[in-house]
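Undergrad: Encoded as structure tokens, here's the structure I'll be asking about.
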Amino acid sequence: MADNTSVVDNSKKNECKQCLQSFANKTQLAKHMFLHREGFICPYCNKPFASESGLKRHWNANHKNAKPIPHCDICGEKFGSRRDLEKHHLLSHRADKHFKCKFCGAKFSWITNLKKHESFHTNGPKKPFKCRICAETFRWEISLEIHEQLH
């Protein structure tokens, strides 16, 4: 006799869409998502921590004697390799900034950066996901989902 029962795969039901870690329930997932938003982030490996002490323990155990991370002396952004840093300098910090914002006068090396910047003057940051309870808006759908779970 054939078994006609269907098997539901719940392994991805409470999965973090940012790091793909799975959780037993929505509450644990919501607590985890806080780390992506406002937790303490390891500057070496980007692992999130709920507390500064947790980050310090992690740093001392894993990265205390690690090689320095290549970072931009101008803006502070960190990179995985020296080559990525050099590419960043070429694309982001060129001396010839020919593209000027018509709203505030800020200058940019690339037209695409100017257009992105000017869109904040005209549209503000796009946050298309709106909470049905309090009307707060979010840039990412996952942020809205977590927010609504916490109401």
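Undergrad: Over the chain, calculate the relative contact order: mean separation of alpha carbon pairs under 8 Å at least 6 apart, over the residue count, as a percent.
TA: Values: 133 pairs, mean separation 16.8, N = 151.
Relative CO of the chain lands at 11 percent.
Undergrad: Between segment 125-150 and segment 82-114, what is the separation of their alpha carbon centroids in Å?
TA: One Cα centre to the other: 31 Å.
Undergrad: What distance in nm separates the simple spin-label points at K17 and E86, each placed 7 Å from Cα in the Cβ direction?
TA: 3.8 nm
Undergrad: Can I ask one more? Could you compute the longest span of the chain free of trypsin sites (Lys or Arg not before Pro) located in DSSP loops and having at most 16 other Cβ atoms within 10 Å, not counting the site residues?
TA: Working: sites that count: K12, K13, K17, K64, R94, K97, K102, K126, R132, R139.
The longest uninterrupted stretch comes out as 18-63.
Undergrad: Sticking with this one: Evaluate E = 1/(1 + (r/R0)^6) for T137 and A50, where r is the Cβ-Cβ distance and R0 equals 22 Å; express this FRET efficiency to the nearest 0.05. Could the numbers behind the result be given before it?
TA: Values: r = 26 Å, r/R0 = 1.18.
After rounding, the FRET efficiency stands at 0.25.
Bear in mind that the values in this text are calculations on the coordinates, not laboratory data. Since this is a predicted model, take the numbers as computed values, not measurements. Cβ coordinates were reconstructed from backbone atoms using ideal geometry, including for glycine residues, and neighbour counts include every protein chain displayed.
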